[in-house]
Amino acid sequence: MGTADTWGRIHLIQGDITREAADAIVNAANTSLLGGGGVDGAIHQAAGPELLAECRKLGGCPTGEARITSAYRLPARYVIHTPGPVYRGGCQGEAELLAACYASALRLAADHDCRTVTFPAISCGVYGYPIEDAARVALGAVRDFLERSALPERVTWVLFSQPDLAAYRGVLEKLRSSISP
Ligand code: AR6
């Protein structure tokens, strides 16, 4: 389900999320919010040490929730940090937690008047979530949020690899073809 208008607000590109301008960049963090590897490391590296200093004051964040900070040297106003679930076979509430990450991040973005938001493929690296399953959950959660909210106007996934982009595209096409009239 989903209207054509909603799908028109969702975009997929390949690239490095730290180089794409947006009002808010979402970080696939861990619950400490103190940085790490993968996209988290790249975001902290590009933002500069002030980002870690601000994160230290937040006292962590539970899986599925989100926290917002300034973006410092990144081409964005905000970084929204959300710890995704570690994938443990799919029967440990992973899908609900992953959907909650996207909804929590978008709620913060909308509350801060963000018109554009970029996401990485949360949980699809170190945390081991299979990319197609994650894409189904992620795209569904974002579609559901956008159907109910005028902000953000545009959501873009910046997928790091060509196979990840292809997987997201495949899932998006399937979801779109069940579009409501
Ligand atoms: N731009 C866009 N996507 C990227 C970039 C980038 N610069 N770098 C990596 N990715 P991961 P997770 C992709 O492991 O699975 C960290 O240590 C990557 O190819 O960054 O949620 C945190 O501190 C993958 O598709 O995040 C946590 O401890 C996706 O980003 C833990 O990893 C997510 O991979 C979180 O694990």
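Looking across region 39-57, the residues that are open to solvent by less than 60 Å² (accessible area, probe 1.4 Å) and not charged (D, E, K, R) come down to V39, G41, A42, I43, H44, A46, A47, G48, L51, L52, A53, C55.
Can you confirm whether region 58-68 contains a residue that is more than 27 Å from G128 (Cβ to Cβ), over 16 Å from the mean Cα position of the chain (by Cα) and among the hydrophobic types (A, V, I, L, M, F, W, C)?
The answer is no; no qualifying residue exists.
Every condition in (1) out of contact with any Gly (no Cβ under 9 Å at 6 or more places or on another chain); (2) assigned to a strand (DSSP E or B); (3) closer than 12 Å to L12 by Cβ is met by D164 except one, and the failing one is (2). The condition (being within 16 Å of the ligand (Cβ to nearest atom), open to solvent by 50 Å² or more (accessible area, probe 1.4 Å), out of contact with any Ser or Thr (no Cβ under 9 Å at 6 or more places or on another chain) and closer than 21 Å to D5 by Cβ) is satisfied by just one residue among R176, R169, R115, R148: R169.
Listed residues V137, V126, V155; which is β-branched (V, I, T) and under 16 Å from G64 (Cα atoms)?
Of V137, V126, V155, the one residue that is β-branched (V, I, T) and under 16 Å from G64 (Cα atoms) is V137.
Scanning region 118-130 for residues that are over 17 Å from H81 (Cβ atoms) and either open to solvent by 60 Å² or more (accessible area, probe 1.4 Å) or of a type outside the set (F, W, Y) (or both) turns up G128, P130. Applying the condition of being open to solvent by less than 20 Å² (accessible area, probe 1.4 Å) and away from the ligand (no atom under 16 Å from the Cβ) to region 3-24 and asking which residue is modelled with the highest pLDDT yields I10. Residues that are under 15 Å from V39 (Cβ atoms) and in a strand (DSSP E or B) within region 70-106 comprise A76, V79, I80, H81, T82, P83, listed in sequence order. The set of residues from region 112-161 being part of a helix (DSSP H, G or I) and among the basic types (K, R) comprises R136, R143, R148.
With respect to the conditions (1) over 13 Å from the mean Cα position of the chain (by Cα); (2) of a type outside the set (S, T, Y); (3) crowded, with 18+ Cβ neighbours inside 10 Å; (4) within 16 Å of the ligand (Cβ to nearest atom), A29 falls short on a single one, namely (1). State yes or no: is T82 within 14 Å of the ligand (Cβ to nearest atom) and not acidic (D, E)? In short, yes.
The values are calculated or read from the model by the stated rules, or taken from the named source; none is laboratory data. Because the structure is a prediction, the values reported are computed rather than measured. Glycine also receives a Cβ, built like all others from the backbone with ideal geometry; neighbour counts cover every protein chain displayed. Surface accessibility is based on the protein's heavy atoms, side chains included, excluding ligands, DNA and RNA. Shrake-Rupley method; radii C 1.70, N 1.55, O 1.52, S 1.80 Å.
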